[in-house]
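The values are calculated or read from the model by the stated rules, or taken from the named source; none is laboratory data. Model, not experiment: these values are computed from the prediction. Note: ideal-geometry Cβ built from the backbone for every residue, glycine included; neighbour counts use all protein chains shown. Heavy atoms of the whole protein, side chains included, go into the accessibility calculation; ligands, DNA and RNA do not. Shrake-Rupley method; radii C 1.70, N 1.55, O 1.52, S 1.80 Å.
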Amino acid sequence: MDARAEADADAGGTAVSAVLEVRDLHKAYAGVRAVDGVSFDVQAGSITGLIGPNGSGKSTTIDGISGFQPLDSGTVRLGGADITGMASHRIARAGLMRTFQTVRVYERLSLRENLMIAAQQFDAAGWIDELLRTKRYRGAIAAGEARARELTRMIGLMKYWEAPTGILSYGQKKLVALAAALMPKPRIVVLDEPVAGVNPTRIREVEEVLQTLNAAGETFLIVEHNVEFITTLCHHVIVLDQGRKLSEGSAEAIHADARVLEAYLGVAPELEEAEA
Amino acid sequence: MSADPIYLLQLTLNGVTLGLLYALIAVGLALIFGVLEIINFAHGELLMVGAYAMAFALPAFGLLYWPALVVAVLASAIAGWVLYELFLSKLKLGELERSILITLALSIIILHVVQLLFTASPRIVDTQFGFEGVEIGAIRITWTRVIGAGSAAVAFALLFLVLKFTQFGRAMRAIAQNREAALMVGIRPKTVARNAVVLATALCGLAGAALAPVHLVQPGMGQFLIFKAFALVIIGGLGNIPGAIAAAILLGLVESWVGGFFQIVWQEAAVFVLMMGVLFLRPDGLFKRGAMRVG
């Protein structure tokens, strides 16, 4: 049984509106509490933001959720099934995909190949099917290619379909990583700073891509420093500070929350301007 | 010393055939390094296993070359699979020192077990082709060398197709190029690592089987070759597969020419002199480094 089927079986078919449930996460490094009792939910079909000043525990939280860092304690449930402590590739197979702050694409492979690598890890065709070029294999390839083309069109990079991703700009590579994460139709995609290092004129394009994908039913959890980007895009925002959840609510409510402004050292508006 | 063009051509052909067999060993090392990020010091002993399997399979098949070659490749691949499942799969990423000690210990253990079982005496391996060869004018090259080199060339072509066009190969390149991105899209690291080890050791077994009728088969033959293979992987640009193949052919040529034109003692030193020269002039090797670069 693959990880996703296991997760489904574990969930017992119960209807859950929260696709991701994070409860009481703890992680310390050499006595420093990087994450100290963080809990939150991400609703299916939403764009949820996770913000906080440097060192607030955002990256540790998503590394723990996605299996790239072991957690000290706490639970993570995906679609109702416990994924706490699973290896990162098993979490991906269960339906939680992620991107990284520093872009991770295969630079010498074409855009098409980058996406097909992601697709093919999930299709049912094995190496014998591939060797014999069975109907099942050909069907899986055709479905993967169709999905890859659809996503490439959505991110507006169709003209680079066969080009090595090494020639793309940093922002474009981030979009390729996003498309790769969406290839297997995951339950949720966690984006780690999707616009960090992206040319400010391109940030609007990223926003539009994410809004289009969300309208098509994709769920996102976004970690980002750019407060304006988060407040424009997100339905729900969670604020971390010093490893704890400081506040959560709608973007408007968070914008008006004095504790959040204080956490950003009282310079939140300036910070927004500088980063936007 | 002679500058006779026929003699030079003969040496060149010998060099290319030898180089292709060295390349099989070097490429296997590069594959394992690319995916597991470890140096397999037991690689030479897996070659020796392939050579011994060839030496024993040939008489069993009435000296028929091809069935014995298949048995030898399978024997090395199975030995590689066992090596992975029992030892290498237990290593965590970044445990380079531990991997060196484990594979070095295994190398010594396998060497001595084979020595205990079959003695250290070198064996001459005969095939259906004997010392027959192909003659083009005054140039003569034995069939076992021609077939060994041809098999290596076919193996490289197949390897290229596998790495470039199959899911099996793409997963290996993905892990080698960017491990976290590969894990993110659900690539199973242990399955890919096992596939890489089995593929690498099958190539190594092919080298052992092809070398058996050309060289003497003895327990120490792998250790003797493995250090040359390390040098090739470095000269070729760590992780660059075509680079390792090109470096291996270059080495085969240098060895053959040096052996033909200078005192034979220089033949073995030549590769390491070449490696040191390359590393001083181009610290990253002759070709661009790359995590399992296939083109």
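To keep it simple, each residue is scored yes or no on (1) under 23 Å from residue B:238 (Cα atoms); (2) not small (Gly, Ala, Ser).
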| position | (1), (2) |
| --- | --- |
| B:5 | no, yes |
| B:9 | no, yes |
| B:12 | no, yes |
| B:25 | yes, yes |
| B:28 | yes, no |
| B:36 | yes, yes |
| B:39 | yes, yes |
| B:44 | yes, no |
| B:48 | no, yes |
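Scanning the stretch A:223-254 for residues that are within 22 Å of residue A:74 (Cβ to Cβ) and part of a loop (DSSP other than H, G, I, E, B) gives A:242, A:243. Restricting attention to the stretch A:111-139 and to residues that are within 18 Å of residue B:162 (Cβ to Cβ), more than 22 Å from the chain's Cα centre (by Cα) and open to solvent by less than 60 Å² (accessible area, probe 1.4 Å), the residue that is modelled with the lowest pLDDT turns out to be A:125. Number of residues in the stretch B:235-250 that are assigned to a helix (DSSP H, G or I), within 16 Å of residue B:277 (Cα to Cα) and over 13 Å from the mean Cα position of the chain (by Cα) equals 2. Scanning the stretch B:128-143 for residues that are free of Cβ contacts under 8 Å to residues at least 24 places away in the same chain and open to solvent by 80 Å² or more (accessible area, probe 1.4 Å) yields a total of 5. So, in the stretch A:203-228, how many residues would count as being among the polar types (S, T, N, Q) and under 17 Å from residue A:173 (Cα atoms)? Total satisfying the criteria: 0.
From the list B:32, B:25, B:110, B:100, the one residue that fits, being assigned to a helix (DSSP H, G or I) and surrounded by fewer than 20 Cβ atoms within 10 Å (Cβ to Cβ), is B:100.
The set of residues from the stretch B:59-78 being part of a helix (DSSP H, G or I) and touching a residue at least 60 places away in the same chain (Cβ under 8 Å) comprises B:65, B:68, B:69, B:72, B:73, B:74, B:75, B:76, B:77. Among the residues of the stretch A:180-193, those that are modelled with pLDDT of 90 or more and in contact with a Lys or Arg (Cβ under 8 Å, 6 or more places away or on another chain) comprise A:181, A:183, A:189, A:190, A:191, A:192. Of A:194, A:164, all but one fail to be open to solvent by less than 30 Å² (accessible area, probe 1.4 Å) and touching a strand residue (DSSP E or B) at 6+ places or on another chain (Cβ under 9 Å); the exception is A:194. Within the stretch B:35-51, restricting attention to residues that are in a helix (DSSP H, G or I) and open to solvent by 10 Å² or more (accessible area, probe 1.4 Å), which residue is modelled with the highest pLDDT? That would be B:49.
For the stretch B:152-190, the set of residues classified as over 22 Å from residue A:111 (Cβ atoms) and within 7 Å of another protein chain (Cβ to nearest Cβ) consists of B:188, B:189, listed by residue number.
Here the condition is being open to solvent by less than 20 Å² (accessible area, probe 1.4 Å), more than 26 Å from residue B:176 (Cβ to Cβ) and within 15 Å of the chain's Cα centre (by Cα); of A:96, A:78, it holds for A:78 alone. In the stretch B:14-58, the qualifying residues are those that are out of contact with any Gly (no Cβ under 9 Å at 6 or more places or on another chain) and free of Cβ contacts under 8 Å to residues at least 60 places away in the same chain, and the one that is farthest from residue B:68 (Cα to Cα) is B:56. Only a single criterion out of (1) assigned to a helix (DSSP H, G or I); (2) modelled with pLDDT under 90; (3) surrounded by fewer than 23 Cβ atoms within 10 Å (Cβ to Cβ) is not satisfied by residue A:150, namely (2). Evaluating residue A:126 against the criteria (1) small (Gly, Ala, Ser); (2) closer than 17 Å to residue A:182 by Cβ; (3) facing chain B (nearest Cβ under 10 Å) leaves one unmet condition, (2). Looking only at residues that are outside any loop (DSSP other than H, G, I, E, B) and open to solvent by less than 90 Å² (accessible area, probe 1.4 Å) in the stretch B:274-295, which one is modelled with the lowest pLDDT? Per the stated criteria, the residue is B:293. Would you mind stating whether residue A:41 is closer than 17 Å to residue A:245 by Cβ, without any contact (Cβ under 8 Å) to a residue 24 or more places away in the chain and part of a strand (DSSP E or B)? Yes, satisfied. For the stretch B:128-170, a residue qualifies if it is part of a helix (DSSP H, G or I) and over 30 Å from residue B:181 (Cα atoms), and the qualifying residues are B:143, B:144, B:145, B:146, B:147, B:148, B:149, B:150, B:151, B:152, B:153, B:154. Counting the residues of the stretch A:76-105 that are away from chain B (no Cβ under 12 Å) and not in a loop (DSSP other than H, G, I, E, B) gives 5. Do we find that residue B:224 is within 13 Å of the chain's Cα centre (by Cα) and away from chain A (no Cβ under 14 Å) in this structure? So residue B:224 fits the description; yes. Checked against the criterion of being within 13 Å of chain B (Cβ to nearest Cβ) and assigned to a loop (DSSP other than H, G, I, E, B), the candidates A:108, A:112 yield just one match: A:108. Of the candidates B:119, B:191, the single residue that is over 23 Å from the mean Cα position of the chain (by Cα) and surrounded by fewer than 15 Cβ atoms within 10 Å (Cβ to Cβ) is B:119.
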